[in-house]
1. Can you work out D for the stretch 304-386 in µm² s⁻¹ from Stokes-Einstein, where Rh is the Kirkwood radius over C-alpha pairs, the temperature is 20 °C and the viscosity is 1.002 mPa s?
2. Over the chain, with a single point scatterer placed on each C-alpha, what log10 of the ratio I(q)/I(0) does the Debye formula yield at q = 0.11, 0.14 1/Å?
3. Calculate, in nm to one decimal, what Ala189 and Thr139 gain on full extension: separation in residues at 0.36 nm each, minus their alpha carbon distance.
4. Regarding the stretch 165-218, what's the average projected area of the Cα-atom convex hull, expressed in nm²?
5. Treating the Cα atoms of the stretch 97-226 as identical point scatterers in vacuum, please give the log10 of the normalised Debye intensity I(q)/I(0) at q = 0.16, 0.22 Å⁻¹, two decimals.
6. Just the number, please: carbon plus sulfur as a percent of the accessible area of the stretch 154-279, 1.4 Å probe, no ligands or DNA/RNA counted.
7. According to the Kirkwood expression over distinct Cα-Cα pairs, how big is the hydrodynamic radius of the stretch 1-128, in Å?
8. By how many nm would the segment from Arg55 to Gln266 grow when fully extended, if each residue of separation counts as 0.36 nm and the alpha-carbon distance is taken off?
Amino acid sequence: MGLKLNRRVAAIKPSATMAAEARATQMREQGVDVISLAAGEPDFDTPERIKNAARKALEAGLTKYTATTGTRELKEAIRFRLKADTGLEYELSEIVASAGGKQAASNVINTLFDEGDEVIIPTPAWVSYAAMVELSGATPKFVPTREEDGFILTPNQLRSVLNSRSRGIILNSPCNPTGAVYNEEQLRALSQVILEAGLWVISDDVYSNMVYDGVAPHLFCVEPRLRERGIIVNSLSKTYAMTGWRVGFAVGPREVMSAVGRLQSQNSGNPNSIAQAAAVEALTGPQDEVKLMMEEFRRRRALVVERVRALPGFALTHPPAGAFYVFPKVAKLLGAVWNNITLNSGDQLADMLLERAHVAVVGGTDFGFPDHIRISYANSIPKLNAAFDRIEQVLRTLGF
């Protein structure tokens, strides 16, 4: 007999972003000089003060199990940072720390949604939302936003997809992959539709500290009534360059968080004890490194927007207002022939750029926009310039 897998697991595709980075890594191991603009990972080192906190935790022997949902110290630090950054106040019983923002989001989705439910996902969207919703048994309901609207979901678009099965919505501001940031007026208009429909709303705040002009207003500050049916998901990975440390958290109504904690007690247990101690320092210590990192990302953004707009066949209407990605449209390049293959999607263009230019980017299909690609500028300015020089040269060979 052939191997029989759980039907939901069998249907899940690998993460497109991780697959692109894995291919780049494999080529590097084979001696190919690949420049990666695929990873959603800051290229900065974790700040020394955070690493020192981990060293002290090791020396103190903090190597045992902790409370399943995180230490009291970490929850206090999360509560402190939330209030400092947003003004929102939560009780410790409303906070669950997990092994990264991805686990936090997955736990929340699996806790809230079930067979027969529809979860609204405005696209372009992070590639893992849909898989998480499908694994819960619910159905992702994709709502394509418009480039002319800055990839912002409008109230009318939201109303148009509501039905008796609509149970939740996932909002991400700043957005991966577009860098779009909702302003207060846009959030207020959306919140009225969400309230009327009685939806659960998951606010993915992973890039909330990565905004280039001002701050990203928080949905639950704009409309406090949404807190009763609202969950915040966040992570330390991007803000503090702690991707490998795997610390994230979810915050929301006590009853939901209690259920999330029960789920986590069975599927993983507590986040890494040393990483939790490091996270306390990250959240409560000086935030100078965060500002310095954003200054560098601002310089890179200016360069990348200029270089992308100069590439033949690439169109970028709106520069990113947050995060560290651009999401250009490449429709004018589709139909070109490379190696006897007609390029029909951004994914195929990404494959070609990896093979010919040795530059890794991510095709737009799994983000919901197959005629786009995502380019991360979490790389040094010299590397970014070298990558765009290579891309430009390859496009010329195709006659563009």
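The values are calculated or read from the model by the stated rules, or taken from the named source; none is laboratory data. Because the structure is predicted, anything quoted here is derived from the model rather than measured. Reconstructed Cβ throughout: ideal geometry from the backbone, glycine too, with neighbour counts over all protein chains shown. Side chains included, ligands, DNA and RNA excluded: accessible areas come from the protein's heavy atoms. Shrake-Rupley method; radii C 1.70, N 1.55, O 1.52, S 1.80 Å.
1. Numbers: Rh = 13.0 Å.
Translational D for this selection: 164 µm²/s.
2. -0.82, -1.31
3. Numbers: separation 50, 0.36 × 50 = 18.00 nm, distance 2.50 nm.
Additional length available on full extension: 15.5 nm.
4. Values: hull surface 15.8 nm².
In nm², the orientation-averaged hull projection of the stretch 165-218 is 4.0.
5. With one equal scatterer per Cα and no solvent, log10 I(q)/I(0) is -0.78, -1.53.
6. On the way: 2180 of 4700 Å².
Roughly 46 percent of what the probe reaches on the stretch 154-279 is carbon or sulfur.
7. Values: mean 1/r = 0.0518 Å⁻¹.
Evaluated on the stretch 1-128, it is 19.3 Å.
8. Details: separation 211, 0.36 × 211 = 75.96 nm, distance 2.90 nm.
Residue separation times 0.36 nm, minus the Cα-Cα distance, leaves 73.1 nm.
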